[in-house]
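Heads up, the thing below is written out as structure tokens.
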Amino acid sequence: MVTGPVWFVLVSALLYKLKQFFWQDKEKHPKTLVVLVWLAFSIFLILVGVSRLHIGAHFPHQVIAGTICGLLLAGIFTKLSLCDIQLRYYILLTASLFLGSLLIYLSLVTMGHDPHWSVKKAIKFCMNRDWVHMNTVPFHTLARLTGAILGLGIGLRTTRILSPIRTKHPIEVKLLSASLSITLYKFVESVPLPLDPLEVFYVLAFIKNTLLPFLVVAVVPYVSWFLIRRLHLLPFVNLNLKSKLA
């Protein structure tokens, strides 16, 4: 489930900021509060999993496996500096996931197994059939995840070249970036993709999920900084893009 790693990162960031600004002595920060925060996170995650089972949106093994994998990935990536990872590793990871998933898919088909069995059962047993759509099929999930990884890598690489400011963004830029990112995400998700032919649907899903993180990471902060600068809320910064690109 996506909920697990997303909230894991948010909770970790919250505790990090609390320690940074309010608990200068890391050895004396209130451990009880930290435990309560993680306890609330765990209860929330359990309730989300139970609710998915209650409405028939997932099978038990999907909830358990998804939660474990998500938390493991979140734990790994919170220890890494994504900005320091070179673009070729994002490309390599994207290609590895795609080829590995394709190999597993073809192996299952060759052995006589149906990789779409869970989707068919979901259509049969789900309380509301409208909840089961093309976004739940394995290849769309693959297109979404690989596209997001590649888009994130390209976006982070682009920010290192064209970022208008090297220091941390002021709060005004952060708030505007968050608002624009949410609006952009809602708009992109509202645009329907053609389902026929199916190959075009998967390709467009990959492109969409590559562009979205790229725009959020690289373009939206730049636009937000420019708009705030035009409102004279930031001091002028002389952009010398040629020297940055050299």
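Considering segment 138-148, and only residues there that are within 18 Å of Leu103 (Cβ to Cβ) and within 14 Å of the chain's Cα centre (by Cα), the residue that is most open to solvent (accessible area, probe 1.4 Å) turns out to be Leu145. Pairing residues of segment 203-226 that are at negative phi with residues that are among the charged types (D, E, K, R), at Cβ distances under 7 Å and at least 6 apart in sequence or on separate chains, gives Ala205/Arg144; Asn209/Arg144. Can you pull out every residue in segment 204-246 that is at pLDDT below 55 and open to solvent by less than 50 Å² (accessible area, probe 1.4 Å)? Within segment 204-246, Leu234, Val237 qualify. Entry remark, segment 61-115: residues being of a type in the set (Lys, Arg) and at pLDDT below 75 number 1 in total. Contact map, segment 43-72: first residue open to solvent by 60 Å² or more (accessible area, probe 1.4 Å), second residue of a type in the set (A, V, I, L, M), Cβ cut-off under 8 Å, separation 6 or more or different chains; pairs are Arg52/Met1; Arg52/Val63; Leu53/Val63; His58/Met1; Pro60/Leu53.
The values are calculated or read from the model by the stated rules, or taken from the named source; none is laboratory data. This structure is a prediction, so every number in the text was calculated from the model and none was measured. Note that each Cβ is placed from the backbone with ideal geometry, even for glycine, and that neighbours are counted across all protein chains shown. Note: areas computed on protein heavy atoms with side chains; ligands, DNA, RNA excluded. Shrake-Rupley method; radii C 1.70, N 1.55, O 1.52, S 1.80 Å.
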